[in-house]
1. Just to be sure I understand the filter: pairs with C-beta atoms under 6 Å, separated by 6 or more residues or on different chains, first member in segment 70-92 and closer than 19 Å to residue 37 by Cβ, second member buried (at least 16 other Cβ atoms within 10 Å of the Cβ) and hydroxyl-bearing (Ser, Thr, Tyr). Which pairs pass?
2. Can you name every residue in segment 103-124 that is among the polar types (S, T, N, Q) and either over 13 Å from residue 55 (Cα atoms) or without any contact (Cβ under 8 Å) to a residue 40 or more places away in the chain (or both)?
3. For segment 128-168, how many residues are of a type in the set (Gly, Ala, Ser) and under 18 Å from the mean Cα position of the chain (by Cα)?
4. Applying the selection to segment 93-102, what residues are touching a residue at least 12 places away in the same chain (Cβ under 8 Å), surrounded by 12 or more Cβ atoms within 10 Å (Cβ to Cβ) and either over 18 Å from residue 139 (Cβ atoms) or of a type in the set (A, V, I, L, M) (or both)?
5. Could you check segment 26-58 and list, in sequence order, the residues that are out of contact with any strand residue (DSSP E or B) (no Cβ under 8 Å at 6 or more places or on another chain) and outside any helix (DSSP H, G or I)?
6. For residue 15, work out the one condition from (1) touching a helix residue (DSSP H, G or I) at 6+ places or on another chain (Cβ under 8 Å); (2) under 18 Å from residue 148 (Cβ atoms) it doesn't fulfil.
7. Quick one: how many residues across segment 59-98 are within 13 Å of residue 117 (Cα to Cα) and in a loop (DSSP other than H, G, I, E, B)?
8. List pairs: first residue in segment 34-63 and under 15 Å from residue 12 (Cα atoms), second residue polar (S, T, N, Q) and in a helix (DSSP H, G or I) anywhere in the structure, Cβ distance under 6 angstrom, at least six positions apart or on different chains.
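Values in this text are rule-based calculations from the coordinates and carry no lab data. All values reported here derive from a predicted model rather than from experimental measurement. A quick note on method: Cβ atoms are made from the backbone with ideal geometry, for glycine too, and the neighbour counts reach across all protein chains shown.
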Amino acid sequence: MAAKRKLIFLRHSKAEDQLPGIPDFERSLTAKGKQNSKLMAQLLFSQREDPGRIISSPAFRALETALIFCREYGISPDEVRLNAKLYQSLEEEEYLSFIRDLNDGDHTVTLCGHNPLLTEMAAWFASDEPEVLSKTGIYCLSFAVASWSEVEPENGTTEYYLTLKDLA
């Protein structure tokens, strides 16, 4: 069987509204957002999918989402890697180097962050046209490559797209 890499895009769940005096970076998940994150983590777990290395935006709502997934999987919170580029946004010309710089010891990587970046990155790497990632949406691409350095634009195969509607 050929080597394979998986890239999972996880959009943060429902966050509190932007309020005066509270920086966007510090916005937390709502109670419903926390519950939805837990349910989606359980759904992903039920599919026998391992999130692999989790890399999160350092914004609190994205980190909260990542940590809820860690709890459901029994992954230590210390294993989550923070990357400010997932909050400040990457330019399209940076997508390839960001993915190619991933550690080859991690066959599956989950990126937890924000739209529009996650949807744009997924579309850039997918061979088809993915939908816009909904809140707590989970979109997975696989690549038939032995190393992240071999990933190319538009050569990812869609494995699945999970949304809250899949819980019904």
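1. Pairs found: 80/56; 82/56; 86/57; 87/57.
2. Result: 115, 119.
3. Of segment 128-168, the ones of a type in the set (Gly, Ala, Ser) are 134, 137, 142, 144, 146-147, 149, 156, 168.
Filter again for under 18 Å from the mean Cα position of the chain (by Cα), leaving 134, 137, 142, 156.
Going through segment 128-168 one residue at a time, the tally reaches 4.
4. If we filter segment 93-102 for residues that are touching a residue at least 12 places away in the same chain (Cβ under 8 Å), which is where we start, we get 95-96, 98-102.
Cutting the leftovers down to surrounded by 12 or more Cβ atoms within 10 Å (Cβ to Cβ) gives us 95-96, 98-100, 102.
96, 99, 100, 102, listed by residue number.
5. 48 - this is the single residue of segment 26-58 that is out of contact with any strand residue (DSSP E or B) (no Cβ under 8 Å at 6 or more places or on another chain) and outside any helix (DSSP H, G or I).
6. (2)
7. Within segment 59-98, residues that are within 13 Å of residue 117 (Cα to Cα) and in a loop (DSSP other than H, G, I, E, B) number 4.
8. 37/65
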